[in-house]
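Undergrad: Please see the structure below; I have some questions.
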Amino acid sequence: MEARTPVFATLGCRLNAHETEAMREMTAAAGITDAVIVNTCAVTGEAVRKARQEIRRLRRENPGATLIVTGCAAQTEPDTFAAMAEVDVVLGNAEKMRPETWTGLRTGLGTDGSERIRVDDIQSVRETASHIIDGFGTRHRAYVQVQNGCDHRCTFCIIPFGRGPSRSVPAGVVVDQIRRLVDRGYLEVVLTGVDLTSWGADLPGTPPLGDLVRRILRLVSDLPRLRISSIDSIEADPALMEAIATEPRLMPHLHLSLQHGDDLILKRMKRRHLRNDAIRFCQDARRLRPDIVFGADLIAGFPTETDAAFDNSLRLVADCGLTWLHVFPFSPRKGTPAARMPQLPGDVIRARAAALRAAGAAAAARYLDTQVGRTVEVLTEGPRTARTAQFAEVHFHTDQPEGTLLTVTPTGHDGTRLIA
Ligand code: SF4
């Protein structure tokens, strides 16, 4: 029977998406075949449940393949996956990015019962895997890892235990990576990491993220679009604010890791900002770049959240002028301080998440109203879909060339997408 190239399943964040592309290239170089690789996420209990569900489905569809589980859920709870009959090997987040791991697996290491679990202590990892990728599964937007890990300890978050300490990819490596992607026709690059604004803190001279952004735009002058995936607004540096104000190729779209709108809850989350800091940041950024649009992560139902505290979160949508909301119903993660706090009833958490999502949907519709009839530049990402600079989705009635920058005038919207 003909050997088959590995099947990849990626759950979770853009960093995982980047790493899957790196694994795709390393497994090809190692000659790995007839394997299924599941790159998991651990950000919520639901994410881990989905990973197990995906593993069972892929095992049914690939009965003879070697099934390998990696990613943050494998890193934080390796025994959970090793206990699954469907699973052959469990790999940690550092191991998955090492070429020798895959050459080792090629020679059968781990599939003979030895070393089924290969998960090192992620807190001891100091280097970023500077694996330069040639491309991405899609032809339009490439996610480029510039940072990994996190030194913060927000009380609800499991990520530092899956990703280890914060570490930066040197600017020269990032620029080379982006140069390579642009030479292959990519028109948009998204800088991604776990705690992006801590980029540079571990590099000589501790350059801020803003320096990296300006350096990329200076040295890769033919890159049409640079996007930043998600930032902690309280840690935005002056160079980044200046780039937001002056660099048209830096997309006017920031996704903010806000998490909540009440000061007492923000303190209990061990966040580094307060409500007014978030509002002030959005006002400053909007003054510098009037067409900027904000997305934000918000958690609903954090332990001890009162009606009044939740209301402060709900009102933050308007007070910051948020448009694209990612709402997370609170999910206790074993081993985090928030999991040991008095929990709210599930129905309260779900109702508050629904209310936040409704506020988000209304904000998005109001924004889309303002875009109808305006001439905008979009990057097509499918025959009938594209994204504006502010990350609004655009749906076309007719097929368009993929991976192309077009100028269009939307004629309407359906509440979530512009129509052109
Ligand atoms: S900054 Fe906080 S929420 Fe973000 S990854 Fe670090 S610990 Fe988690």
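Undergrad: Enumerate the calculated ³J(HN,Hα) couplings along region 174-188 in order (Karplus 6.51 cos²θ - 1.76 cosθ + 1.60, θ = phi - 60°), each rounded to whole Hz, writing x wherever the residue is Gly or Pro.
TA: After applying 6.51 cos²θ - 1.76 cosθ + 1.60, I find 4, 4, 4, 4, 5, 3, 4, 5, 5, 4, 9, x, 6, 9, 9 Hz.
Undergrad: What list of ³J(HN,Hα) values in whole Hz, one per residue of region 143-153 in order, does the Karplus curve 6.51 cos²θ - 1.76 cosθ + 1.60 (θ = phi - 60°) give from phi, with Gly and Pro shown as x?
TA: 8, 10, 6, 10, 8, 9, x, 7, 9, 7, 9
Undergrad: Go ahead and set up a Gaussian network model of the chain, Cα springs under 10 Å, then flag whichever of 182, 38, 348 fluctuates most.
TA: Highest fluctuation among the options: 348.
Undergrad: Name the long-range amide H neighbours of residue 299: under 5 Å, sequence gap of 5 or more, or other chain; modelled H, no Pro or chain starts.
TA: 259, 260, 328
Undergrad: Considering only protein heavy atoms, with the full assembly of protein chains and a 1.4 angstrom probe, order 349, 117 by accessible area, largest first.
TA: Ranked from most to least accessible, the order is 117, 349.
Undergrad: Treating only the Cβ of Lys, Arg, Asp and Glu as charged (+1, +1, -1, -1), what charge dipole size does region 376-419 show about its Cα centre? Round to the nearest 20 debye.
TA: 80 debye
Undergrad: For residue 117, enumerate residues with amide H under 5 Å from its amide H, sequence gap 5+ or separate chain, H modeled in the peptide plane.
TA: 90
Undergrad: Among DSSP bridges having both ends in the chain, what percentage is antiparallel? Round to the nearest 5.
TA: 25 percent
Undergrad: Place +1 on the Cβ of every Lys and Arg and -1 on the Cβ of every Asp and Glu in the chain, take the dipole about the Cα centre, and give the residue among 145, 212, 276 whose Cα lies farthest towards its positive end.
TA: Among 145, 212, 276, the one farthest towards the positive end of the dipole of the chain is 276.
Undergrad: For region 141-369, what is the convex hull volume of the alpha-carbon atoms per residue, in Å³?
TA: Looking at region 141-369, the number lands at 123 Å³ per residue.
Undergrad: Right, next: Please compute the contact order of region 141-369 in relative form: average sequence separation of alpha-carbon pairs under 8 Å and at least six residues apart, divided by the residue count, as a percent.
TA: RCO, region 141-369: 17 percent.
Undergrad: At 1.4 Å probe size, what's the solvent-accessible area of residue 151? Round to the nearest 10 Å².
TA: Accessible surface of residue 151 is approximately 100 Å².
Undergrad: If you average the alpha carbon positions of region 211-241 and of region 143-209, how far apart do those two centres end up, in angstrom?
TA: Region 211-241 and region 143-209 have Cα centres separated by 12 Å.
Undergrad: For region 31-48, just list the computed ³J(HN,Hα) in residue order, Karplus coefficients 6.51, -1.76 and 1.60, θ = phi - 60°, integers in Hz, with x standing in for Gly and Pro.
TA: x, 6, 9, 6, 10, 10, 10, 10, 9, 8, 10, 10, 4, 9, x, 4, 4, 5
Undergrad: Let me ask something else about it. Which cross-chain or sequence-distant (5 or more) residues have an amide H under 5 Å from the amide H of residue 225, H modelled 1.01 Å from N in plane?
TA: Under 5 Å from the amide H of residue 225: 189.
Undergrad: Bin by bin, in steps of 10 Å, what percent of the Cα pairs in the chain do you find, going until the bin that has the longest distance?
TA: So the P(r) values, bin by bin, are 4, 20, 30, 28, 15, 2, 0.
Undergrad: Return the loop-located GluC sites (Glu not before Pro) in region 1-98 (DSSP other than H, G, I, E, B) with at most 10 other Cβ atoms within 10 Å of their own Cβ; answer none if there are none.
TA: The qualifying sites are 2.
Undergrad: Hey, another quick one. Do any cysteines in the chain lack another Cys Cβ under 4.7 Å, and if so which?
TA: 13, 41, 72, 150
Undergrad: Here is a follow-up. For region 376-419, with all protein chains present and a 1.4 Å probe, just round the carbon and sulfur fraction of the accessible area to a whole percent.
TA: The computed percentage sits at 50.
Undergrad: Given only helices, namely DSSP H runs of n ≥ 4 each adding -39500 (n - 2.57), what is the per-residue ellipticity at 222 nm of the chain, to the nearest 500 deg cm²/dmol?
TA: Rounded to the nearest 500, the figure is -11000 deg cm²/dmol.
Undergrad: Who wins for biggest fluctuation among 104, 382, 45 in a Gaussian network model of the chain, springs between alpha carbons below 10 Å?
TA: Result: 104 has the largest fluctuation of those listed.
Undergrad: Now a separate question. Quote the relative contact order of region 376-419 in percent (integer), defining contacts as alpha-carbon pairs under 8 Å separated by 6+ residues.
TA: Relative contact order here is 40 percent.
Undergrad: Note down the net charge around residue 257, summing +1 for each Lys or Arg and -1 for each Asp or Glu among other residues with Cβ under 12 Å from its Cβ.
TA: Around residue 257, the charge tally is -2.
Undergrad: So in region 141-369, what percent of DSSP beta bridges are antiparallel if you round to the nearest 5?
TA: Roughly 10 percent of the beta bridges in region 141-369 run antiparallel, per DSSP.
Undergrad: Could you do me a favour and compute the accessible area per residue for the chain, 1.4 Å probe, result in Å²?
TA: Here the residues of the chain average 41 Å² of exposed surface.
Undergrad: Same structure again: Please give the contour-minus-distance gain from residue 117 to residue 34: 0.36 nm per residue of separation, less the Cα-Cα distance, rounded to one decimal in nm.
TA: Working it through step by step, the gained length comes to 27.9 nm.
Undergrad: Further, regarding this structure: Any idea what the dipole of the chain comes to, in debye rounded to 20, about its Cα centre with Lys/Arg Cβ at +1 and Asp/Glu Cβ at -1?
TA: 520 debye
Undergrad: OK, next. To the nearest 20 Debye, how big is the dipole of region 193-304 about its Cα centre, given +1 on the beta carbon of each Lys and Arg and -1 on that of each Asp and Glu?
TA: So the magnitude is around 160 debye.
Undergrad: Keeping the other protein chains in place, figure out the carbon and sulfur percent of the accessible area of region 7-120, with a 1.4 Å probe.
TA: Carbon and sulfur atoms account for 50 percent of the accessible area of region 7-120.
Undergrad: Hey, what did the chain get for relative contact order, percent, Cα under 8 Å, at least 6 apart?
TA: 11 percent
The values are calculated or read from the model by the stated rules, or taken from the named source; none is laboratory data. As the structure is a prediction and not an experimental result, all values here were calculated from the model. A quick note on method: Cβ atoms are made from the backbone with ideal geometry, for glycine too, and the neighbour counts reach across all protein chains shown. In case anyone asks, the SASA skips ligands and DNA or RNA and just uses the protein heavy atoms, side chains included. Shrake-Rupley method; radii C 1.70, N 1.55, O 1.52, S 1.80 Å.
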